[in-house]
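Student: Sending over a structure as structure tokens; questions will come in a sec.
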Amino acid sequence: MSRYLALVPAAGSGSRFGAPSPKQYLQLNNRPLMWHTLQVLCQVEAISEVVVVISPCDEWFDDFDWDLPKLNVQRVGGASRAESVRNGLQAMAAAENDWVLVHDAARCCLSVAAVERLITSLAEDTVGGLLALPVPDTVKRADGDGRISATVPRQGLWLAQTPQMFRAGLLAQALASAGEIEMTDEASAIEQLGQKPRLVEGDAQNFKVTYPRDLALARAILAARKD
Ligand code: C5P
């Protein structure tokens, strides 16, 4: 029987955020930001293990009480997100057919319902897929001067989120084939193999905390859930 394993790359330095510690360790409602992410994945009954990949030079993880029984920490983060995922996949020794759900540490407002929707939608899928959202706004392409060079038809455009869920064997093969090509998500690597990952509707609350201004929204969403 295939298992469901979560893999959370959390070895980024959060350079766009500009805080003294990486954004995954910032305090959010009395817990590190990443605790909220991990605890949602731990709550999903189908998921048997949550592997978090941190940098070998991480100075913060041990300062916190994570208190999450399914958690398995691996200090094998690499120079890029793709390398952290590749290293994590090797460290977790998943069977070929196990499903791996890769999820950004900084998407801390993920919901259990969205993960369950992804798992249910892909249960019989031969490729796998990801949570994503249809683009709601009009899309503009900029020239190098801050002016519009084109309006891009939004029909058929989606914004990729995580988790992205693939069989461990296929994902390892895709990441190995991608080599040094920089991939910002797992689906891109699977697409390079000529496969077509399925898009499963996510939700707008599952955004990635990227800039300091994102914290207030994350705080409000998490506080509302607690109430
Ligand atoms: O930088 P970005 O926000 O796109 O990173 C997405 C996720 O990948 C974050 O959870 C980050 O910690 C992780 N990451 C990683 N190793 C890196 C760079 C990013 O695990 N070298």
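Student: Name the helices (runs of 4 or more DSSP H) wholly inside the range 112-227 in which the number of residues that are more than 30 Å from PRO20 (Cα to Cα), among the hydroxyl-bearing types (Ser, Thr, Tyr) and modelled with pLDDT of 95 or more is 1 or more.
Tutor: Details: elements: 112-122, 168-178, 186-192, 214-226.
Hits in the range 112-227: 112-122, 186-192.
Student: Continuing with this model, one more query. Give me the residue from the range 193-207 that is crowded, with 16+ Cβ neighbours inside 10 Å and within 30 Å of LEU26 (Cα to Cα) and, out of that set, farthest from the ligand (Cβ to nearest atom).
Tutor: The selected residue is VAL200.
Student: Of ALA176, ALA168, which residue is in contact (Cβ under 8 Å) with a residue 40 or more places away in the chain and surrounded by fewer than 13 Cβ atoms within 10 Å (Cβ to Cβ)?
Tutor: On the way: ALA168 fails: surrounded by fewer than 13 Cβ atoms within 10 Å (Cβ to Cβ).
From the options ALA176, ALA168, the qualifying one is ALA176.
Student: Which residues, taken from the range 71-89, are surrounded by fewer than 18 Cβ atoms within 10 Å (Cβ to Cβ), in contact (Cβ under 8 Å) with a residue 60 or more places away in the chain and in contact with a strand residue (DSSP E or B) (Cβ under 9 Å, 6 or more places away or on another chain)?
Tutor: Passing the criteria: only GLY78.
Student: Starting from the range 21-42, keep only residues that are within 13 Å of TRP60 (Cα to Cα) and of a type outside the set (S, T, N, Q), then list their pairs with residues that are within 12 Å of the ligand (Cβ to nearest atom) and assigned to a helix (DSSP H, G or I) whose Cβ atoms are within a distance under 6 Å, requiring at least 6 positions of separation or different chains.
Tutor: The qualifying pairs are LEU26/LEU33; PRO32/TYR25; LEU33/GLN24; MET34/GLN24.
Student: Among what's in the range 91-103 and is of a type outside the set (D, E, K, R), surrounded by fewer than 17 Cβ atoms within 10 Å (Cβ to Cβ) and touching a residue at least 40 places away in the same chain (Cβ under 8 Å), pick the residue that is nearest to the ligand (Cβ to nearest atom). Before the answer, list the steps.
Tutor: Step one: of the range 91-103, the residues of a type outside the set (D, E, K, R) are 91-95, 97, 99-103.
Going one step further and asking which of them are surrounded by fewer than 17 Cβ atoms within 10 Å (Cβ to Cβ), we end up with 91, 93, 95, 97.
Checking the rest, the ones that are also touching a residue at least 40 places away in the same chain (Cβ under 8 Å) come to 91, 95, 97.
Details: ALA91: 13, ALA95: 23, ASN97: 25 Å.
The residue in question is ALA91.
Student: Does ASP67 satisfy the condition of being over 14 Å from the mean Cα position of the chain (by Cα), over 25 Å from LEU175 (Cα atoms) and outside any loop (DSSP other than H, G, I, E, B)? Talk me through it step by step, then tell me what you get.
Tutor: Values: over 14 Å from the mean Cα position of the chain (by Cα): yes; over 25 Å from LEU175 (Cα atoms): yes; outside any loop (DSSP other than H, G, I, E, B): no.
No, not satisfied.
The values are calculated or read from the model by the stated rules, or taken from the named source; none is laboratory data. None of the values given here were measured: they were computed from a predicted structure. Virtual Cβ from ideal backbone geometry, glycine too; neighbours counted across all protein chains shown.
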